[in-house]
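Worksheet: the structure to be examined is printed underneath.
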Amino acid sequence: TDLLNGLFAYSLVASNNYVTALNPAAIAGTSFVGGPATLPAASYAVTTASLPAGAMPIYREVTYGTTSVMQVGYGSGNVALWARDFCCSVEVDWQTVLKKIVYVGKSNDQDGDGMLDVFEGRFGFNKANAADGAVDTDGDGLTNSQEFQASTNPLAADTDGDGIKDKLEIDQSINPLVATDSDADGLNDQWEQRYFSGLVVAVPAGDADRDRLTNLQEMITGGNPTDADTDDDNLGDYFEFTLGSNLRAADTDGDTLQDGLEVQLYGTDPTKKSSDGDSLTDYQEVMVYFTDPLLTDTDGDGLDDAAEISWGTNPNLADTDGDGLNDHAEIVGGTNPKKADTDGDTVSDKVELTKGLNPLVPDSDGDGLSDGSELYVYGTNPLAADTDGDGVSDITEINRGTDPLLPPDTDGDGVFDAADNCPVIANTTQLNTDGDAQGDACDADDDNDGVNDGVDAYPLDPAKTVLLTEPPVITVLPLEGSAWSGSSVRESNTSN
């Protein structure tokens with residue numbers, strides 16, 4: 001009371017947007033007395049010495065239009081005064097002023113969310129949580145912080161109860177705090193003046209713009225009753241009203257597609273950024289990726305469009321790499337949906353899976369031959385390290401020159417290759433004079449004397465290393481008791 005007495009006793013007369021003098025009529029018969037007779041001309045401030053002792057800060061709620069926040073700084077050298085007229089250049093009595101202010105103690109905003117602590121406390125918000133400033137609690141289009149700035153009620157979508165939500169009133173320069181309907185026709189006086197320049201002109205049930213919405217419906221939804229398409233988005237107000245889109249916003253859902261385009265060209269929902277709910281906006285689907293904004297999975301491969309974009313696959317192709325497996329199957333199976341042959345063995349992922357091979361490992365049977373080599377070059381079994389089961393791995397047979405596809409006995413001598421000391425030449429007896437790894441049939445030096453059999457005079461006698469240098473000479477001697485008595489046949493070698 002002391003503060004109001006000291007401050008408002010002289011501040012209810014406005015002239016040229018400055019408080020200049022007393023308003024005796026407002027003071028008469030009230031306790032608001034004792035203020036100075038006049039204020040400094042065109043002044044915004046007066047020293048705290050002019051106020052009663054113990055004056056505390058206050059905050060005026062009304063901030064609409066030409067009005068301004070009035071705050072008395074606690075302990076400061078100056079006191080900010082009401083420098084502009086109260087509302088629309090109309091003087092009001094002090095009781096009305098009282099209704100438009102709220103005592104707040106020290107003016108502070110400890111969480112920095114743009115709402116004073118007293119405001120947060122009054123409406124049940126958290127003074128230590130800045131996040132609640134960005135919330136639209138009452139769903140009127142204004143955040144709680146914006147409601148604080150506009151002095152509207154953050155818990156009531158229509159503060160003044162005139163049927164128009166607070167944000168729609170502010171957007172149309174209508175005071176959201178004052179509901180006047182002097183002709184009792186259900187239409188806000190300010191709204192009528194704005195669009196019809198007179199209270200008797202507008203008829204609630206009328207349809208001035210012939211858009212099938214009554215004037216009353218236009219007022220409630222924020223439409224212009226004289227324009228069938230208030231926001232010029234090529235979608236008439238009536239259709240926007242029916243669809244629930246914003247009559248005052250060309251792009252209701254903020255996806256950068258005009259409401260008219262969404263409805264008439266693409267068939268999308270103008271109130272949802274992603275009509276099909278796949279987290280890609282309708283704009284991205286129709287203008288960037290050329291996917292169907294009405295289908296979460298355009299190509300029907302089991303991956304929604306947004307997931308395909310994330311994986312880098314083509315949302316318009318079920319099988320991005322063309323290997324016969326759809327993208328979803330590849331991702332689930334661990335193969336690369338962007339590479340037809342994940343393991344690089346020249347066998348496509350689809351073929352590997354069909355044949356029971358491992359599409360992630362180039363050599364499924366671990367025999368040292370890639371699956372592609374076994375299938376397409378040697379014809380061996382990529383799932384068996386020893387295709388013919390002879391105890392010798394495919395790669396060993398290939399390196400040795402034996403056939404990895406023939407039965408176990410390549411030379412047909414009745415001895416399995418694994419035990420045959422000469423697997424490529426029939427060698428039934430397995431004769432091996434020198435006892436080395438190769439039988440005589442394959443051994444170039446049967447007696448292992450270091451002299452190849454072709455030039456060894458005694459190829460089976462390691463004790464004799466006589467080289468063949470010329471053909472042997474045969475000498476014939478007479479046999480006893482015959483004309484050739486005492487002769488015999490002897491073999492000699494000139495090299496002996």
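No value in this document is a laboratory result; all are computed from the given coordinates. Quick caveat, the model's predicted, so the values are computed rather than measured. When we count neighbours, we look across all protein chains shown, and the Cβ atoms used for this are built from the backbone with ideal geometry, even at glycine.
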For segment 146-163, in order, what is each residue's ³J(HN,Hα) by Karplus, 6.51 cos²θ - 1.76 cosθ + 1.60 with θ = phi - 60°, in whole Hz (x at glycine and Pro)? 5, 5, 4, 5, 8, 6, 8, 8, x, 10, 9, 5, 10, 4, 8, x, 9, x
Once residue 426 and residue 207 are pulled to full extension, the length gained, defined as 0.36 nm per residue separation minus their Cα-Cα distance, is 67.9 nm
The ³J(HN,Hα) series, computed from each phi in segment 327-332 with the Karplus coefficients 6.51, -1.76 and 1.60 at θ = phi - 60°, rounded to the nearest Hz and given as x for glycine or proline, is 4, 4, 4, 5, 5, 5
Taking only the Cα atoms of segment 110-252, how large is their convex hull per residue, in Å³? 103 Å³
Quick one: which residues, 5+ away or cross-chain, put their amide H under 5 Å from the amide H of residue 387? H built at 1.01 Å from N. 381, 394
Take residue 243 and residue 463, extend 7 Å from each Cα along the Cα→Cβ direction, and tell me the distance between the two endpoints in nm. 11.2 nm
With r defined as the distance between the Cβ atoms of residue 444 and residue 346 and R0 fixed at 45 Å, what FRET efficiency is calculated, to the nearest 0.05? 0.70
Extend 7 Å from the Cα of residue 134 along its Cα-to-C-beta direction; within segment 250-276, residues with backbone N under 20 Å of that point are 253-256, 273-274
